[in-house]
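Just so it is clear, none of the values below were taken in a lab; they were calculated from the coordinates. Since the structure is predicted, the reported quantities are computational estimates derived from the model, not experimental observations. Glycine gets a Cβ as well: all are built from the backbone with ideal geometry, and neighbour counts include every protein chain shown.
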Amino acid sequence: MAKSTARKKTNTVRLKFDTSWSYDPAPESRSAASISKQYDLFINGEWKKPSSKKYFYTINPATEEKISEVAEANQADVNLAVGAARQAYEKTWGKMPAKERAKYIFRIARIIQEKARELAIIESLDGGKPIRESRDFDVPTAANHFFYYAGWADKLEYAFPNRKASSLGVAGQIIPWNFPLLMAAWKIAPALATGNTVVLKPAETTPLTALKLAEIIQESGLPPGVVNIITGAGQTGSSIVNHPEVDKIAFTGSTEVGKIIQRAIAGTNKKATLELGGKAANIIFEDAPLDQAVEGVINGIFFNQGHVCCAGSRLYVQESVMKQVVRKLKDRIASLIVGDPLDKNTDIGAINSKQQLQNIQKYLEIGKKEGAEIYQPSCSLPRKGFWCPPTLFTNVAQSNRVTQEEIFGPVLAILSFRTDDEVIEKANNSPYGLSAGVWTDKGSRIFNMTRRMRAGVVWANTFNKFDPASPFGGYKESGFGREGGLHGLLPYVNLK
Ligand code: NAP
Ligand code: MG
């Protein structure tokens, strides 16, 4: 810490009433990451030029600079990738003893660990998330998923006692931009452990860590065609979904696209898991340790700029402590550091894309029109790039759109309640049901709430905690199927 005159030189803005001191900038070095100018498609263990001959840019959302250009896969490329995956399934991977398969998965995990620093830098550059998160959460959790599922590969008889598990074939996997490497790990690791082969498409705005993962897969010596990684837009995803040789679809993304996929595969033999949107209720009772609860709420919604499907974006506070909690929240968000994602002090990085920023801004206007009070700490944001300060909405109603609809940004709607029954009804009054949080001193209340809340994950006195051994997935419009844990094996096998 030092009196800082260097502030103007950085892309970091400290939101603090007291401007007399600041953290010195602590940027991670970009030079530790090697990024090619252009990436082709990773098909059958090789880099192939796209038949479309087209490439598109991926940019750094904190600066709007172009980082690299990646190939756009068309139908012919999808055909090649699915063909390679089918061939690998039939000729090598599907026949390989499970303990041999496990060795490859284990090796991928180890190489991710070796390249952790580089992967974290690229994740933050391409997607805008603070390096602290990509370094301490995304990358290690991705490696852990590979380690965890490597362990299951030769133990499926224990996962499904007295039943015989067999693989499905080719899995088509489509992932979003909020946890690019981690979502790839969630998808690829269980598919490989159960003997399936893969065609994976990352999101348009964050393809780079998936392409780095392709390099890692190549380095691991995984037989060609077992994992194919192809870049492209929604049309590429759609071609994967509709390909007749794909046996299973694993999709994480918006509820809107999830519905399109479900319609597309209706009447086919394709299995599917859909991990979709959310609007998690985070509930603070008057007997909760309020400082810890406030910290948990901050982590729950401002973590990764609120680009989290399970973000605690609806806060319910028991009436008797409402004023106190709102004051604490306002004080706390005034101290959050918004700015350069590569700076190790940054709490809130860049919004992933211009389009997403516009969507968030649309909801800020909707909230105001609905009569909500908006609070944002005073700050000046960097001129270039896509930024949104942490935002609180108070005086909101249960029926307001900012309470009901997923904003997917650093925006928290705060409501009050009096009784357990009332808050359970309000928490469940949502089209979504992915996650929820309860803050209370009473264990009996935690059990009562978790039993009655319609959410796939309910955290008690914590929020946004993940572990490869825990299943994750939703109810209602948040989708179906589970990823993670023993449950995450199930969508990739047939059981006899
Ligand atoms: P999205 O628009 O649904 O995109 C997700 C992925 O699907 C991207 O790779 C996208 O490609 C692709 N895609 C788009 N149209 C498609 C189509 N017709 N057929 C097949 N694939 C298609 O979602 P997003 O904006 O990237 O991500 C934000 C959403 O994801 C939020 O709603 C969030 O809640 C949800 N999410 C859920 C979870 C969960 O575990 N439940 C986790 C993370 C995110 P392009 O990038 O080229 O458009
Ligand atoms: Mg990008």
Legend entry - Global form of the stretch 281-467, assessed from the alpha-carbon gyration tensor, a/c cut-off 1.5: prolate
Legend entry - Long-range HN-HN contacts of Ser51 with modeled amide H, under 5 Å: Asn74, Asp77
Inset, instruction - Filter the cross-link list Lys95/Lys155; Lys115/Lys212; Lys66/Lys212; Lys129/Lys212; Lys48/Lys91 down to pairs whose alpha-carbon distance in this structure exceeds 19 Å. - result: Lys48/Lys91
Inset, instruction - Multiply the residue separation of Lys49 and Thr92 by 0.36 nm, subtract the distance between their alpha-carbon atoms, and state the gained length in nm to one decimal. - result: 13.0 nm
Inset, instruction - Can you check what the net charge comes to around Lys187, using other residues whose Cβ is under 12 Å from the Cβ of Lys187 (Lys, Arg +1; Asp, Glu -1)? - result: 0
Inset, instruction - Just add up the charged neighbours of Phe386: K/R +1, D/E -1, any other residue whose Cβ is under 11 Å from the Cβ of Phe386. - result: +1
Inset, instruction - Rounded to the nearest 0.05, what FRET efficiency do Asp291 and Gln218 give with R0 = 45 Å and r taken as the Cβ-Cβ distance? Could you check? - result: 0.40
Inset, instruction - Please list 474-483, 105-114, 215-224 highest first by mean number of surrounding beta-carbon atoms within 10 Å per residue. - result: 474-483, 105-114, 215-224
Inset, instruction - With θ set to phi - 60°, apply the Karplus curve 6.51 cos²θ - 1.76 cosθ + 1.60 along the stretch 157-173 and write out the HN-Hα couplings as whole Hz, x wherever there is a Gly or Pro. - result: 5, 8, 5, 10, x, 6, 10, 10, 9, 10, 6, 9, x, 9, 9, x, 10
Inset, instruction - Between beta-carbons, use under 12 Å as the cut-off and find the net charge around Asn494, counting Lys and Arg +1, Asp and Glu -1. - result: +4
Inset, instruction - State the antiparallel share, in %, of DSSP beta bridges confined to the chain, rounding to the nearest 5. - result: 40
Inset, instruction - Starting from the Cα of Arg110, step 7 Å toward the Cβ, then list every residue of the stretch 141-158 with an amide N under 16 Å from that point. - result: 143-144, 146-151
Legend entry - Per-residue HN-Hα couplings for the stretch 300-316 [Karplus 6.51, -1.76, 1.60; θ = phi - 60°; Hz; x = Gly/Pro]: x, 10, 9, 3, 6, 6, x, 7, 9, 4, 9, 4, x, 8, 10, 10, 10
Inset, instruction - Could you name the lysines whose alpha carbon sits less than 28 Å from that of Lys476, not counting residues in the same chain fewer than 8 places away? - result: Lys187, Lys201, Lys248, Lys259, Lys270, Lys271, Lys279, Lys362, Lys426, Lys465
Inset, instruction - Could you run the Karplus curve 6.51 cos²θ - 1.76 cosθ + 1.60 with θ = phi - 60° over the stretch 359-372 and give me ³J(HN,Hα) per residue in whole Hz, x for Gly and Pro? - result: 5, 5, 4, 4, 5, 5, 5, 4, x, 4, 5, 6, x, 6
Legend entry - Inter-label distance for Lys496 and Phe447, nm, one decimal - labels placed 7 Å from Cα along Cα-to-Cβ: 4.3
Legend entry - Residues Tyr57 and Lys99, FRET efficiency given R0 of 56 Å [Cβ-Cβ distance, rounded to 0.05]: 0.85
Inset, instruction - Would you please give the residues with an amide H less than 5 Å from that of Tyr39, counting only those at least 5 places away or on a separate chain, with H modeled from the backbone geometry? - result: Glu69, Val70, Ala71
Legend entry - Over the chain: helical MRE at 222 nm, DSSP H runs n ≥ 4 each giving -39500 (n - 2.57), nearest 500: -10500 deg cm²/dmol
Legend entry - Under-5 Å amide H pairs with Ile283, H placed in peptide plane, nonlocal only: Tyr316, Gly437, Val438, Trp439
Legend entry - For the stretch 291-334 and the stretch 378-418, distance of Cα centres in Å: 11
Legend entry - the chain: relative contact order in percent, alpha carbon pairs under 8 Å with at least 6 residues between: 19
